[in-house]
1. Of all the residues that make up the range A:219-241, how many are over 33 Å from the mean Cα position of the chain (by Cα), polar (S, T, N, Q) and open to solvent by 20 Å² or more (accessible area, probe 1.4 Å)?
2. Which condition does residue A:7 not pass, out of (1) touching a Gly at 6+ places or on another chain (Cβ under 6 Å); (2) open to solvent by less than 20 Å² (accessible area, probe 1.4 Å), if it passes all the others?
3. Could you say whether any residue in the range A:178-193 is facing chain B (nearest Cβ under 8 Å), open to solvent by 30 Å² or more (accessible area, probe 1.4 Å) and closer than 27 Å to residue B:244 by Cβ?
4. Within the range B:63-83, can you find the residues that are part of a helix (DSSP H, G or I) and in contact (Cβ under 8 Å) with a residue 24 or more places away in the chain?
5. Considering (1) under 16 Å from residue A:17 (Cα atoms); (2) touching a Lys or Arg at 6+ places or on another chain (Cβ under 9 Å), say which one residue A:100 fails and leave the rest.
6. Tally time: how many residues in the range B:64-87 are among the small types (Gly, Ala, Ser) and open to solvent by 60 Å² or more (accessible area, probe 1.4 Å)?
7. I need the strands (runs of 3 or more DSSP E) fully contained in the range B:88-170, keeping only those with at least 3 residues that are open to solvent by less than 10 Å² (accessible area, probe 1.4 Å).
8. For residues that are within 7 Å of chain B (Cβ to nearest Cβ) and open to solvent by 40 Å² or more (accessible area, probe 1.4 Å), tally how many sit in the range A:207-216.
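The values are calculated or read from the model by the stated rules, or taken from the named source; none is laboratory data. Computed from a prediction, not measured in an experiment: that's the story for all the values here. Neighbour counts are summed over all protein chains in view; Cβ atoms, including those assigned to glycine, are modelled from backbone coordinates with ideal geometry. The accessibility values were calculated without ligands, DNA or RNA, using every heavy atom of the protein model including side chains. Shrake-Rupley method; radii C 1.70, N 1.55, O 1.52, S 1.80 Å.
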2 protein chains.
Amino acid sequence: MVQTIDSYKVSFIGAGNVAWHLAQALEYAGHVVQEVYSRNLMHAQQLAAKLYHAVPTNSLDFSKSKANVFIIAISDDGLAGVNEQIILPEGSIIVHTSGTMPVETLVGRPNSGVFYPLQTFSKIKKVDVQCVPFCIEATNETTEDVLIALAQSISNTVYLISSAERKILHIAAVFACNFTNHLLALAKEIVDREELEFDLLKPLIQETFHKALAANDPVSVQTGPAARNDQKVIQSQQDYLTPFPDEQKIYKMLTESIIRKAAE
Amino acid sequence: MVQTIDSYKVSFIGAGNVAWHLAQALEYAGHVVQEVYSRNLMHAQQLAAKLYHAVPTNSLDFSKSKANVFIIAISDDGLAGVNEQIILPEGSIIVHTSGTMPVETLVGRPNSGVFYPLQTFSKIKKVDVQCVPFCIEATNETTEDVLIALAQSISNTVYLISSAERKILHIAAVFACNFTNHLLALAKEIVDREELEFDLLKPLIQETFHKALAANDPVSVQTGPAARNDQKVIQSQQDYLTPFPDEQKIYKMLTESIIRKAAE
C-alpha cells in the first residue's frame, strides 16, 4: 500500500539550528521549502543551499510567497518583534518553535500555533527527527489539523500540548538536560584538576542513563552515598570539596535533596 | 594465535551486586571461583549456583582454601570488621572493591590491594564487564602484577590509581551519576505532577548525554536559559517553582553555577 501525505509549502523565518534540521526533514518527507529568511542573508543562503529550490531572503515581506505554513525558528527574545514585521499571504498559517513562549506571542495572527520539537539541536550533529517528540498547539481546529499532519509526516511522536503544559515540560527539560549536562561538566572539572581521565567516567555515565530511562522511574534506581544515607562518605566528600565552594554547595544541596526524596 | 592467560583461583567475600558480576566475568575469562562467602548462606548459595564449582559458605575461615586471590565485595562500613575476622591461607592476596576506602583499610595484610570497578551494578541488568574501567592499587609489585593481569583478563581498560585519586574519581562519579540521576528523578516529578508523560523527555535526555560524551567536554555543549543567561525565562521558571522550594533552590543554585562557569 502506498501512503500519500499532503504536501505543504513551508517557509522558514530563521536559519539557525532548529530551522536547519526541520527544513531538511520536511523536504525529505515530501514538503517544499519556499523561502528561508535570516537577518544575515549569508545564513539564509547556507540553509537554502541544503534545500531543493528554497529562496534565501532577508526581507520579512512574504506577501508574494506561495507558502501556506510559516515557521518562525528564532530566539525567544526576537519573536514578538519579528512577528510584528512579517507580512503574510492571506489565509496562511504561522507558528513558532519555542518551548517557553505562549502561542499568544503571535499577536494578530488568526491561524497561528506552536510547532515545538522537544530536542536539542546543533548544526554539526545529525538528529533523527523521526524520534523527536513534537508539541503542537493551535488557535483553531483547521490549523491544528495541518500542524498535526505536518509533524506526523516527520516524527513518530506528536502531542497536543497547551502553552501552560509546554512551559512545564520546558522546566523539566532544564532539569533533565541542561542541569545534568552541567553536573557532567563539574565532574570533568573535578577529574581534570587531578589530571585523571574523563574517559574513566564514561561507561558509568552511559550505564546511569540507560538504567534511568529503562526503569522509566529514575528514583527507583538511585544509588550512591546519599541514597544509602552513608554519612561517613558524605562528610568525607564534602570536606574534600571545601576549597571549591561552588561544587561543595551543590554537593550539599543535592545530597540533602536525595536523602529527603528517599525518605518520602 | 592462541593467547593464554594465567588462571587464578579466586574467592569472594560478599555475594551482592559487585560480586555477582565479577565472579561470573572471572569464570568466563578462565579463572576459577573457589568459595563464595556471605553472612547469609542463602545469598552465597544463589551466586555459587551461577558458577562452576564454587562452594557457598558463611564462615570467614579460609585457611584451607585453595584460592590465591580473595576479593571482598561488601559495603564500606563492614570492610574493616570483616578484614579483621578473615583467616587466609599463607601468601594469598586480598583486595577490596570500594571506591572510597583506602587500601590501608586491609590492616595486617602484606599482599593487599584494591580492585575497583568504576561502574554501577544491579543483579537484574547485564553489564558488559569488558567496558568497565578497573582501578587497581596494590601494596607491592607482585600483587600489582597479579591484579593487573586479573583485571586485564576481563576488561579492556585497567588503570593504576592511588587511594587519593580513587577518592576523587568517586566524588566525580557522584556528580556525574548519582546527582544526574536525581535530576532526572526531579524532572519526572515535575512532569508527573501535571500528568505529562516522562517519555516526552527521553529523546532529549539521550541526545544530551550522547552529545556530552561525544564532545568529551560537557561545558562546550551546554545549552538552555542559564547558558544564554536568559533572565526572562530564568525568572519565569523560578517563579513557577515557588510552591516546590526544594526544586526551586536546586534550580537557582545550578542556574547560578552555569552562569558563573560560562563567564570563566
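1. Summing the residues that are over 33 Å from the mean Cα position of the chain (by Cα), polar (S, T, N, Q) and open to solvent by 20 Å² or more (accessible area, probe 1.4 Å) in the range A:219-241 gives 5.
2. (2)
3. The answer is no, given that none of the residues of the range A:178-193 is facing chain B (nearest Cβ under 8 Å), open to solvent by 30 Å² or more (accessible area, probe 1.4 Å) and closer than 27 Å to residue B:244 by Cβ.
4. Within the range B:63-83, B:76, B:79, B:80, B:82, B:83 qualify.
5. (1)
6. Going through the range B:64-87 one residue at a time, the tally reaches 1.
7. The qualifying strands (runs of 3 or more DSSP E) are B:93-96, B:112-117, B:134-138.
8. Qualifying residue count, the range A:207-216: 1.
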